[in-house]
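Step one of this worksheet: look at the structure below.
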Amino acid sequence: MKLTVGSLFQKYPSNAFVVCVAATVPQGNGAAPVDFHWEEVAPSRKLRQLWDVSGKGILAQSGYLNFYKAQLRDGQDSILATFGRIVRQAKDAGKTHIVLCCYEGKSSFCHRHYLRTWLLGQMQDDAALTRIRKAAGETQHQPQAEAAVDSEAESAEKLTPQQKAALTRKRNAALKAAEAEAKAATPEAAPAAV
């Protein structure tokens, strides 16, 4: 299954399972139909209050990401279990594509870019992958492709230690790139809409 990011105000193909990762789900006004509201991974209220898109806020983008990383770390077990349920619901609905959506434009600075990279990184960790599979209702004996969200994660268990190390380096580089991309993106929406 493919995992990407998008805006709640885009149109998606019928094979997309749209997951709102914002605190609230928009109603009407061109909003995409949402298959799952994942409020748990929305930036905390405190973080949203500190953030100010106009640039006058207390936090810079790097500070915002540091707060958000801590939020993910603190809720890791629950987040991974919920992600497993999302994968299962998407598959049960015949979807092949999970889209993490928020209010901002697709390329704008937003937590969903880091969330995607973080989730893909978790797929490289054997213990995390086991928790995701368990939540998705899958057993160890099912084909690995059934639990995977990304082709690299799909084959992680078949890798040699050297290949896993290389993949870890690649994942860490991707995390840094996502942080840089999020930092470079220009915000397009008000903080209350996050």
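The values are calculated or read from the model by the stated rules, or taken from the named source; none is laboratory data. For clarity, every value in this text was computed on a predicted model and none was experimentally measured. Glycine also receives a Cβ, built like all others from the backbone with ideal geometry; neighbour counts cover every protein chain displayed. Note: areas computed on protein heavy atoms with side chains; ligands, DNA, RNA excluded. Shrake-Rupley method; radii C 1.70, N 1.55, O 1.52, S 1.80 Å.
Observations on the structure shown:
- Pairs are defined by a Cβ separation below 9 Å, a sequence spacing of at least 6 or placement on different chains, a first member in the stretch 104-116 that is in contact (Cβ under 8 Å) with a residue 40 or more places away in the chain and farther than 12 Å from A42 by Cα, and a second member that is charged (D, E, K, R) and open to solvent by less than 20 Å² (accessible area, probe 1.4 Å); the pairs so defined are E104/R112.
- If you go through the stretch 46-81 and keep only what is open to solvent by 60 Å² or more (accessible area, probe 1.4 Å), at pLDDT 85 or above and among the basic types (K, R), you end up with just R73.
- Residue count for the stretch 21-44, restricted to those that are open to solvent by less than 60 Å² (accessible area, probe 1.4 Å) and in contact with a strand residue (DSSP E or B) (Cβ under 7 Å, 6 or more places away or on another chain): 7
- When the residues of the stretch 82-104 are filtered to those that are open to solvent by 40 Å² or more (accessible area, probe 1.4 Å) and in a helix (DSSP H, G or I), the one that is farthest from T4 (Cα to Cα) is D92.
- All conditions but one from (1) open to solvent by 30 Å² or more (accessible area, probe 1.4 Å); (2) modelled with pLDDT of 75 or more; (3) of a type in the set (D, E, K, R); (4) more than 17 Å from L72 (Cβ to Cβ) apply to D125; the one that does not is (4).
- Of all residues in the stretch 105-120 being among the hydrophobic types (A, V, I, L, M, F, W, C) and not in a helix (DSSP H, G or I), the one that is farthest from A31 (Cα to Cα): F109
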